[in-house]
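A.B. asks: I'd like to ask some things about the structure below.
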Amino acid sequence: MPKNRKEGAILYPMKKRILPLVIGNWKTSPSTLKEAITLVKTLEKKLKTKKKANKGYYIAVPDLFLTPIAEIVKYGKVGVQTVSGLSLGAHTGLSTIGMAKSAGAAFTLVGHSEVRARGEAGNILSQKVASTLKEKIMTVLCIGEETRDGQGTYIGELEKELRNNLSLVDRTLFENLVIAYEPVWAIGKDVSATPSECFEAVIALRRALASLVGIDHAKKVAILYGGTVTAENAVSFLKEGGVDGLLIGRASTNAFIFADIIVSCNSL
Ligand code: PGA
């Protein structure tokens, strides 16, 4: 595993990645930059005490905190929660992926259900995924069903969504693609999906990817689980849920809990 010793950061090119991807999603928190800096400093201090553990992690932060947080993070990588997918021009209020990269973003989430719920249309999303992958930035495409019935109808929905979202992507760019399986019914709730519910969806997503781009390209894609991940259930998704990592909302905004999750996942 290559290490960027100068920055103390651990890099995970998809081809050689051996650690699970542990990604925090801060959403719209904490409320000030000062609190965000304290959160990262506390997290890293806690990680530093874990002598033998691998300490790599990712956090998707609010845009306005991107550069100052990227400047102080030692063990992790910082990214954004969404991006426009547009190029330079007259698009008031939006940023390009190139701007995000130049401000310190090592990755971006796209298609999070909370962004989709604000009206992100399918054609915009497929354009976004295509443009972020073209920029060779790690792109975490979030995908998940609204509800799950006993009949497995949701599997067809997941496959269809995946096909649509990736319709404009050149398959040779798949090595920077990560899929986060995030069942909408488990996000921000008290109860997560079970590892076996996760496993069932992951198999369906892997199959859909393979039929879309062939097994060799599909194999390069890491799949994560997200939706009420806690310190108690995190490892079970890696062990029994068939995933390569986790996308973590609320639990990533508590430095102590997030550090515990990072250490337990990276110690497997
Ligand atoms: P949660 O959020 O862990 O708070 O459920 C997950 C997400 O929205 O990515």
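A.B. asks: Which of the residues belonging to the range 54-82 are in a loop (DSSP other than H, G, I, E, B) and either β-branched (Val, Ile, Thr) or buried (at least 16 other Cβ atoms within 10 Å of the Cβ) (or both)?
C.D. replies: Taking the range 54-82 first, the residues in a loop (DSSP other than H, G, I, E, B) are 54-56, 62, 73-75, 81-82.
Selection gives Asn54, Lys55, Gly56, Pro62, Val73, Tyr75, Gln81, Thr82.
A.B. asks: Being at positive phi, over 17 Å from the mean Cα position of the chain (by Cα) and either within 16 Å of the ligand (Cβ to nearest atom) or small (Gly, Ala, Ser) (or both): is that true of Gly214 here? Write out each step before concluding.
C.D. replies: Working: at positive phi: yes; over 17 Å from the mean Cα position of the chain (by Cα): yes; either within 16 Å of the ligand (Cβ to nearest atom) or small (Gly, Ala, Ser) (or both): yes.
When the stated conditions are applied, Gly214 passes them.
A.B. asks: Answer yes or no as to whether Glu232 is buried (at least 19 other Cβ atoms within 10 Å of the Cβ) and among the charged types (D, E, K, R). Talk me through it step by step, then tell me what you get.
C.D. replies: On the way: buried (at least 19 other Cβ atoms within 10 Å of the Cβ): no; among the charged types (D, E, K, R): yes.
Criteria not met by Glu232.
A.B. asks: Moving to a separate point now. Would you check if Ser236 is among the polar types (S, T, N, Q), closer than 12 Å to Ile23 by Cβ and within 15 Å of the ligand (Cβ to nearest atom)? Before the answer, list the steps.
C.D. replies: Values: among the polar types (S, T, N, Q): yes; closer than 12 Å to Ile23 by Cβ: no; within 15 Å of the ligand (Cβ to nearest atom): yes.
The answer is no for Ser236.
A.B. asks: Any chance the range 198-207 includes a residue that's at pLDDT 95 or above and near the ligand (Cβ under 10 Å from one of its atoms)?
C.D. replies: Scanning the range 198-207, I find no residue that is at pLDDT 95 or above and near the ligand (Cβ under 10 Å from one of its atoms), so the answer is no.
A.B. asks: A further question on this structure: Where residues in the range 167-189 are modelled with pLDDT under 95 and among the charged types (D, E, K, R), which of them is surrounded by the fewest Cβ atoms within 10 Å (Cβ to Cβ)?
C.D. replies: Result: Asp170.
A.B. asks: Within the set of pairs 6 or more residues apart or between chains, which connect a residue that is part of a loop (DSSP other than H, G, I, E, B) inside the range 217-241 to a residue that is of a type in the set (Phe, Trp, Tyr) with Cβ atoms less than 8 Å apart?
C.D. replies: Filtered contacts from the range 217-241: Lys220/Phe174; Val221/Phe174; Gly227/Trp185; Val229/Phe237; Gly241/Phe199; Gly241/Tyr225.
A.B. asks: Related question: Look at Gly76 and say whether it is at pLDDT 95 or above, among the small types (Gly, Ala, Ser) and farther than 23 Å from Ile143 by Cβ.
C.D. replies: Yes.
A.B. asks: Using the structure shown, decide if Thr147 is over 22 Å from Leu21 (Cα atoms) and touching a Pro at 6+ places or on another chain (Cβ under 9 Å). Steps first, answer last, please.
C.D. replies: On the way: over 22 Å from Leu21 (Cα atoms): yes; touching a Pro at 6+ places or on another chain (Cβ under 9 Å): yes.
Against the criterion (over 22 Å from Leu21 (Cα atoms) and touching a Pro at 6+ places or on another chain (Cβ under 9 Å)), Thr147 qualifies.
A.B. asks: Shifting gears a bit: Quick one: count up the residues across the range 175-201 that are more than 15 Å from the chain's Cα centre (by Cα) and without any contact (Cβ under 8 Å) to a residue 60 or more places away in the chain.
C.D. replies: 15
A.B. asks: When you look at Lys220, is it at negative phi, in contact with a Phe, Trp or Tyr (Cβ under 8 Å, 6 or more places away or on another chain) and open to solvent by 20 Å² or more (accessible area, probe 1.4 Å), yes or no?
C.D. replies: Details: at negative phi: yes; in contact with a Phe, Trp or Tyr (Cβ under 8 Å, 6 or more places away or on another chain): yes; open to solvent by 20 Å² or more (accessible area, probe 1.4 Å): yes.
So Lys220 fits the description; yes.
A.B. asks: Here is a follow-up. Across the range 246-268, which residue is modelled with the highest pLDDT among those that are touching a Pro at 6+ places or on another chain (Cβ under 9 Å) and away from the ligand (no atom under 12 Å from the Cβ)? Steps first, answer last, please.
C.D. replies: Kept after step one, since they are touching a Pro at 6+ places or on another chain (Cβ under 9 Å), are these residues of the range 246-268: 246, 253, 265-266, 268.
Adding the requirement that they be away from the ligand (no atom under 12 Å from the Cβ) leaves 265-266, 268.
Details: Cys265: 95, Asn266: 92, Leu268: 86.
The extreme case among them is Cys265.
A.B. asks: Sticking with this one: Between residues in the range 117-141 that are at positive phi and residues that are open to solvent by 30 Å² or more (accessible area, probe 1.4 Å), which pairs lie under 7 Å by C-beta distance while being six or more apart or on different chains?
C.D. replies: Partner pairs satisfying both residue conditions: Lys136/Asn176.
The values are calculated or read from the model by the stated rules, or taken from the named source; none is laboratory data. Keep in mind that what you see is a predicted model, and the values were worked out from it rather than measured. No Cβ is skipped: glycine too gets one built from the backbone with ideal geometry, and neighbour counts run over all protein chains shown. To get the accessible areas, we keep the full protein, side chains included, count just its heavy atoms, and leave off ligands, DNA and RNA. Shrake-Rupley method; radii C 1.70, N 1.55, O 1.52, S 1.80 Å.
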